[in-house]
1. Condition test on Asp60, is it among the charged types (D, E, K, R), out of contact with any helix residue (DSSP H, G or I) (no Cβ under 8 Å at 6 or more places or on another chain) and modelled with pLDDT of 90 or more?
2. Which of the residues that make up segment 65-74 are at pLDDT 90 or above and farther than 23 Å from Pro40 by Cα?
3. Here are the criteria: (1) within 19 Å of Gly83 (Cα to Cα); (2) open to solvent by less than 60 Å² (accessible area, probe 1.4 Å); (3) modelled with pLDDT of 85 or more. Tell me which single one Ala19 does not satisfy.
4. Among the numbered criteria (1) farther than 17 Å from Thr103 by Cβ; (2) β-branched (Val, Ile, Thr); (3) assigned to a helix (DSSP H, G or I), which one does Ile54 miss?
5. Across segment 78-96, which residue is nearest to Ala19 (Cα to Cα) among those that are over 12 Å from the mean Cα position of the chain (by Cα) and either among the β-branched types (Val, Ile, Thr) or open to solvent by 50 Å² or more (accessible area, probe 1.4 Å) (or both)?
6. Being in contact with a strand residue (DSSP E or B) (Cβ under 8 Å, 6 or more places away or on another chain), closer than 22 Å to Asp6 by Cα, touching a residue at least 60 places away in the same chain (Cβ under 8 Å) and open to solvent by less than 80 Å² (accessible area, probe 1.4 Å) is the filter here, so list the residues in segment 31-70 that pass it.
7. Any idea how many residues of segment 1-30 are free of Cβ contacts under 8 Å to residues at least 40 places away in the same chain and in a strand (DSSP E or B)?
8. Which of the residues that make up segment 63-99 are in contact with a helix residue (DSSP H, G or I) (Cβ under 8 Å, 6 or more places away or on another chain), assigned to a helix (DSSP H, G or I) and of a type in the set (Ser, Thr, Tyr)?
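The values are calculated or read from the model by the stated rules, or taken from the named source; none is laboratory data. None of the values given here were measured: they were computed from a predicted structure. All Cβ positions, even for glycine, are placed from backbone atoms using ideal geometry, and neighbour counts span all protein chains on display. Calculation scope for accessible area: heavy atoms of the full protein, side chains included, ligands and nucleic acids excluded. Shrake-Rupley method; radii C 1.70, N 1.55, O 1.52, S 1.80 Å.
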Amino acid sequence: MHRAEDAARVALDARIASARRRLRPVAVALLQVAEGSGTPGSPGAEPTKVTGAIRQTLRDADTACRMSDGSFALILEDTPENGAVWTVERTRRNLTSRYGQHT
């Protein structure tokens, strides 16, 4: 594993342990972002654009890591499944409003 995956794994283990103790939900979302419609051959999104959108969308208690394969892992504390879906959609909308269509 690479450093990003190691950091994500440590953060995820800690968040899951905390969620179990407090009986609160924790969500994990893995994002692979492409520019345009996401059809085969679409270029991957520029990491700095995605990072900026993630930073504007996530709360301080949440954790984001860029993985070695270019994807992003989001660990969303005290977030049920529907909240995670909404967070990912808000991130996409942020990207689209600032830089054009992203999938």
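1. Details: among the charged types (D, E, K, R): yes; out of contact with any helix residue (DSSP H, G or I) (no Cβ under 8 Å at 6 or more places or on another chain): yes; modelled with pLDDT of 90 or more: yes.
Yes, satisfied.
2. If the condition is that a residue be at pLDDT 90 or above and farther than 23 Å from Pro40 by Cα, then Leu74 is the only one that fits.
3. With respect to (1) within 19 Å of Gly83 (Cα to Cα); (2) open to solvent by less than 60 Å² (accessible area, probe 1.4 Å); (3) modelled with pLDDT of 85 or more, Ala19 is out only on (3).
4. (1)
5. Step by step, filter segment 78-96, then rank; the result is Asp78.
6. Leu31, Val33, Cys65, Met67
7. So the count comes out to 0.
8. Answer for segment 63-99, where residues must be in contact with a helix residue (DSSP H, G or I) (Cβ under 8 Å, 6 or more places away or on another chain), assigned to a helix (DSSP H, G or I) and of a type in the set (Ser, Thr, Tyr): Thr87, Thr91, Tyr99.
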